[in-house]
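The values are calculated or read from the model by the stated rules, or taken from the named source; none is laboratory data. Keep in mind that what you see is a predicted model, and the values were worked out from it rather than measured. Positions of Cβ are generated from backbone atoms using ideal geometry, with glycine treated the same way; all protein chains shown enter the neighbour counts.
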Amino acid sequence: MDRTPLGGGAMVGLQLVKHWKPDASWSLTVLGSGPETPVPGCDYHRLAERPEGLVDLGELDYARFCRDFEERTTEWILERRKEYPPADTVIVVNDISEGPTLESLASAGYEILSIWHVDVVDYFNKLYLRRIVAPEKLTKLHERMRSIGADWILPDVLNLVFEKQRETVYHSKRMIVPSRAMADTLMRCYGDLLGYEELGRRIVVVPWGVWSDAPGPADENRAAELREYHEFTDDTVVLMTLSRISPEKGVHLLLDALRQMELNGSVTGKDLRLFICGEPAFMMGQAYGRKVRAAAAKLKQVKVVFPGYLDAAAKRAYFQLGDLFVSPSIHESYGLNVVEAMHAGLPVLASDHYGVRDTLPLDAGRLVHYPSPKKAPPLLAAALVEMIADKAKLKKMGAAAREAASAMPFSSAADAVRLAALGLLK
């Protein structure tokens, strides 16, 4: 993960393995597709590997990988029922699309805990259907198609979206979600499937918090070198984003907002920089990356820098450059990058997405609600103009952000998930 931009869900899985330290009372086995053991000494088994890796896969190739990984992991577990007896084993699924066939495992007697990094139906609705209908109406439509045997007409990509998520809800005895808003959405979508009371018992809200280390002398030296290289002055204002470069992250909305600020004179005479940190994601990432760079090239006064993918040390150094972290996402299930920025002492301007409502205090930043993506740029522009006008206030907000993030250690989340999993064993 220090070299591969797979996103927050994969990083959470890696961090869970790092934080979980089995003792004599329990053991941990990890199934994945990556080439390296996540933690030295970990009992790791590589399945459904792709020589080219995952980051260059398109939607159809990704769907084929998910099906392959689903089949291989399911077979691997069921073939080893003597080694992993269902009465003593919990299956923890890190994400929805990339996981085994839960119906088969549940039928074999295994208890299942699923970790939800993305509500795939809600994501699909926002990105592909532009929120034309509510996600709960989509799940109910799929349920009706399923009941009359008409769901076969859907392409496999959509079955990954709807059927896989339905299966995960139905067969998971515990569902770990990172925000109350995601829990509420799942209740609206699937309350009729299991009964609202039963579904409410199964859902556990666990915000991930932060695992970032505090910057050390090497990070501070690198930050100083970067300031000198980019010729910062005392008047320079630095905006930062950090994520996979992908349509749901809304970087194009931020660039449109900055373009509007240039046109109305809001940045005239100001030394305003924007650092867009990250690499294009797999699935639509390359095309979207070209769109983002084209939009950045239209800016005449704001200087835009693309540092690329940042490993942990580079991330700590770059965070020291920023005055304001911006998360303009159209869809964000939690927002690990927001909590990381807060931990680094940066105030946050964010769209009013799922996770940030639970993590960002009022004195640590500002939320912007998007009535629609088209209406987002002027709203972002207005908030940016107000916030960057007062650097002293930004520093106070940054201090409040750091204090809030420090109270959210990832270790607490890792312990909560482990206890929820082991608690399923009788």
For Tyr170, state whether it is modelled with pLDDT of 70 or more, part of a loop (DSSP other than H, G, I, E, B) and surrounded by fewer than 20 Cβ atoms within 10 Å (Cβ to Cβ).
no
Pick out the one residue from Lys374, Lys396 that is among the charged types (D, E, K, R), at pLDDT 95 or above and either over 24 Å from Arg273 (Cβ atoms) or surrounded by fewer than 18 Cβ atoms within 10 Å (Cβ to Cβ) (or both).
Lys396
What tally of residues in the stretch 308-326 results from selecting those that are closer than 22 Å to Leu14 by Cβ and touching a helix residue (DSSP H, G or I) at 6+ places or on another chain (Cβ under 8 Å)?
8
Conditions (1) assigned to a helix (DSSP H, G or I); (2) at pLDDT 95 or above; (3) among the hydrophobic types (A, V, I, L, M, F, W, C); (4) surrounded by fewer than 19 Cβ atoms within 10 Å (Cβ to Cβ); number of the one not met by Val305:
(1)
Is the stretch 370-388 home to any residue that is within 18 Å of Leu346 (Cβ to Cβ) and outside any helix (DSSP H, G or I)?
no
Which residues, taken from the stretch 326-363, are in contact with a Pro (Cβ under 7 Å, 6 or more places away or on another chain) and either over 20 Å from Leu253 (Cα atoms) or surrounded by 24 or more Cβ atoms within 10 Å (Cβ to Cβ) (or both)?
Ser333, Tyr334, Ser351, Gly355, Asp358, Thr359
If I ask for residues that are of a type in the set (D, E, K, R) and not in a loop (DSSP other than H, G, I, E, B), which ones from the stretch 11-31 would you list?
Lys18
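Residue-wise test of (1) over 25 Å from Val385 (Cβ atoms); (2) of a type outside the set (S, T, N, Q); (3) more than 19 Å from the chain's Cα centre (by Cα).
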site	(1), (2), (3)
Val204	yes, yes, no
Trp208	yes, yes, no
Ser212	yes, no, no
Ala223	yes, yes, yes
Arg259	no, yes, yes
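Yes or no, residue by residue, for (1) closer than 25 Å to Asp256 by Cα; (2) more than 12 Å from the chain's Cα centre (by Cα); (3) assigned to a loop (DSSP other than H, G, I, E, B):
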{"residue": "Ala317", "(1), (2), (3)": "no, yes, no"}
{"residue": "Leu321", "(1), (2), (3)": "yes, yes, yes"}
{"residue": "Val326", "(1), (2), (3)": "yes, yes, no"}
{"residue": "Ser329", "(1), (2), (3)": "yes, no, yes"}
{"residue": "Tyr334", "(1), (2), (3)": "yes, no, yes"}
{"residue": "Met342", "(1), (2), (3)": "yes, yes, no"}
{"residue": "Gly345", "(1), (2), (3)": "no, yes, yes"}
{"residue": "Tyr354", "(1), (2), (3)": "yes, no, yes"}
{"residue": "Asp358", "(1), (2), (3)": "no, yes, no"}
Could you tell me which numbered condition Ala312 fails, if it satisfies all but one of (1) over 20 Å from the mean Cα position of the chain (by Cα); (2) surrounded by fewer than 21 Cβ atoms within 10 Å (Cβ to Cβ)?
(1)
Pair list, Cβ under 7 Å, 6 or more apart: the stretch 241-265 residue farther than 19 Å from Tyr318 by Cα and modelled with pLDDT under 95, other residue surrounded by fewer than 24 Cβ atoms within 10 Å (Cβ to Cβ) and among the aromatic types (Phe, Trp, Tyr):
Ser246/Tyr288; Pro247/Tyr288; Glu248/Tyr123
Spot the failing condition for Lys164; the list is (1) modelled with pLDDT under 95; (2) part of a loop (DSSP other than H, G, I, E, B), and only one is missed.
(2)
Say whether the condition of being of a type outside the set (Val, Ile, Thr), touching a helix residue (DSSP H, G or I) at 6+ places or on another chain (Cβ under 9 Å), over 20 Å from Val206 (Cβ atoms) and surrounded by fewer than 19 Cβ atoms within 10 Å (Cβ to Cβ) is met by at least one residue in the stretch 408-416.
no
Quick test of your reading of the structure: Tyr62 fulfils all but one of (1) out of contact with any Phe, Trp or Tyr (no Cβ under 6 Å at 6 or more places or on another chain); (2) surrounded by 16 or more Cβ atoms within 10 Å (Cβ to Cβ); (3) modelled with pLDDT of 95 or more. Name the failing condition by number.
(3)
By residue number, the members of the stretch 173-198 that are among the polar types (S, T, N, Q) and not in a helix (DSSP H, G or I) are Ser179
Here is a list: Arg201, Arg222. Which entry is charged (D, E, K, R), part of a helix (DSSP H, G or I), surrounded by fewer than 21 Cβ atoms within 10 Å (Cβ to Cβ) and modelled with pLDDT under 95?
Arg222
Being under 18 Å from Pro377 (Cα atoms) and without any contact (Cβ under 8 Å) to a residue 24 or more places away in the chain is the filter; apply it to the stretch 266-302 and report the residue that is surrounded by the most Cβ atoms within 10 Å (Cβ to Cβ).
Arg293
